[in-house]
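Values quoted throughout were computed directly from the atomic coordinates according to the rules given, and no laboratory measurement underlies them. In this text the structure is predicted, and so the values were computed from the model without any measurement. Glycine also receives a Cβ, built like all others from the backbone with ideal geometry; neighbour counts cover every protein chain displayed.
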Amino acid sequence: MTVHIGAEQGQIAETVLMPGDPYRARWAAETFLEGAELVNEVRGMLGFTGTYKGNRVTIQGSGMGMPSISIYANELIRDYGAKTLIRIGSCGGMQPHVKVRVVVIAMTCTTVGTPSNTIFRELNFSPCADYGLLEAAVAAARGRDVGVHVGGIYSSDTFYDERPDLNKEMTRHGILGVEMEAAELYMLANRYGVRALGIMTVSDHLQTGEALPSDQREKTFGDMVEIALEAAFA
């Protein structure tokens, strides 16, 4: 057990999917895993372990924002031996061609700052996704009835953003979408020598104001989860 995860040793798999929403973790575990068992419910941040095509998988909620995912990723890696961590969640589209409902696979993560900034001080360290996972995720996405974009995203710790000028620059420089966790996850994976990837479904669009209807979310998020699972064990 750790401060934030109540699982016993051996209950967490080496492969962990990390949605921000703990209820989405439960939905994904019940939908895609066999024999899923609840292994964590400390602070309501649900975690489940089961199998996917015979491979052990944990799906653990990470909460919202980089400070929160930093807590869970640190403990999963350092205390439970997690080797592959894939963020699955939603993002806001920033480019006209990145439509609502499509999947974005994050090659790079731009950010104003993460909890790791205190380590790097004046250095602008650039974390990247694990290439093997990235390549496998792109391959797993082919042939599915969902659009896929691969490239840079923006990780922000501000949900109610009051910097339209910054969003304008992100868009001008080709950033595909904005979310709140992946940059710190990539930082930690690079630091500890493990694999990480961010796969996000575009649930709304910053330019058009369009948002994914609730009746379409489950199917679209399902594509994202299956791509993550297939990539993890490719």
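Show me the trypsin sites (Lys or Arg not before Pro) within the range 134-234 that DSSP assigns to loop and that have at most 15 other Cβ atoms within 10 Å of their Cβ.
R142, R144
Only bridges with both residues in the chain count here: give the DSSP antiparallel percent, nearest 5.
Values: 18 of 44 bridges.
The antiparallel fraction comes to roughly 40 percent.
Counting alpha carbon pairs within less than 8 Å and at least 6 residues apart, what relative contact order, in whole percent, applies to the chain?
Numbers: 510 pairs, mean separation 59.1, N = 234.
With pairs under 8 Å counted, the relative contact order is 25 percent.
How about the range 1-96: which trypsin sites (Lys or Arg not before Pro) there lie in a loop by DSSP and see at most 12 other Cβ atoms within 10 Å?
Working: sites: R24, R26, R43, K53, R56, R78, K83, R87; in loops: K53, K83.
Answer in residue order: K53.
If you put +1 on each Lys and Arg Cβ and -1 on each Asp and Glu Cβ, how big is the dipole of the range 110-159 around its Cα centre, in Debye rounded to 20? Please list the in-between numbers first.
Values: 3 positive and 5 negative charges, 14 e Å.
So the magnitude is around 60 debye.
Please give the charge dipole size of the range 72-199, origin at the Cα centre, charges +1 on K and R Cβ atoms and -1 on D and E Cβ atoms. Round to the nearest 20 debye. Walk me through the numbers before you get to the answer.
Details: 13 positive and 14 negative charges, 82 e Å.
Computed charge dipole of the range 72-199: roughly 400 debye.
Among the aspartates and glutamates, which have Cα under 13 Å from the Cα of K99 when same-chain residues fewer than 8 positions away are ignored?
D204, E210
Which whole-number percent is the relative contact order of the range 19-88 (Cα, under 8 Å, 6+ apart)? The partial results should precede the final answer.
Details: 105 pairs, mean separation 21.4, N = 70.
Taking the mean separation of contacting Cα pairs over the length of the range 19-88, I get 31 percent.
Using alpha-carbon positions, what is the distance between the centroids of the range 61-134 and the range 178-223, in Å?
9 Å
I'd like the GluC sites (Glu not before Pro) in the range 47-145 restricted to DSSP loop residues with at most 16 other Cβ atoms within 10 Å, sorted by number. Don't skip to the end; give the middle numbers.
Details: sites: E75, E122, E135; in loops: E122.
For GluC sites (Glu not before Pro) across the range 47-145 that sit outside H, G, I, E and B with at most 16 neighbouring Cβ atoms in 10 Å, the list reads E122.
Can you tell me how the range 33-157 classifies by the Cα gyration tensor, rounded, prolate or oblate, using a/c under 1.5 as the rounded cut? Could you put the intermediate results ahead of the total?
Working: a/c = 1.72, a/b = 1.07, b/c = 1.61.
Oblate is the answer for the range 33-157, as a/c is 1.5 or above yet b/c matches or exceeds a/b.
For the range 1-88, what is the charge dipole size about the Cα centre, in debye to the nearest 20, if Lys and Arg each add +1 at the Cβ and Asp and Glu each add -1 at the Cβ?
On the way: 8 positive and 9 negative charges, 51 e Å.
Computed about the Cα centre, the dipole is about 240 debye.
Out of residues 5 or more away from M45 or on other chains, whose amide H comes under 5 Å of its own, with H placed 1.01 Å from N in the peptide plane?
Amide H neighbours of M45, under 5 Å, 5+ apart: none.
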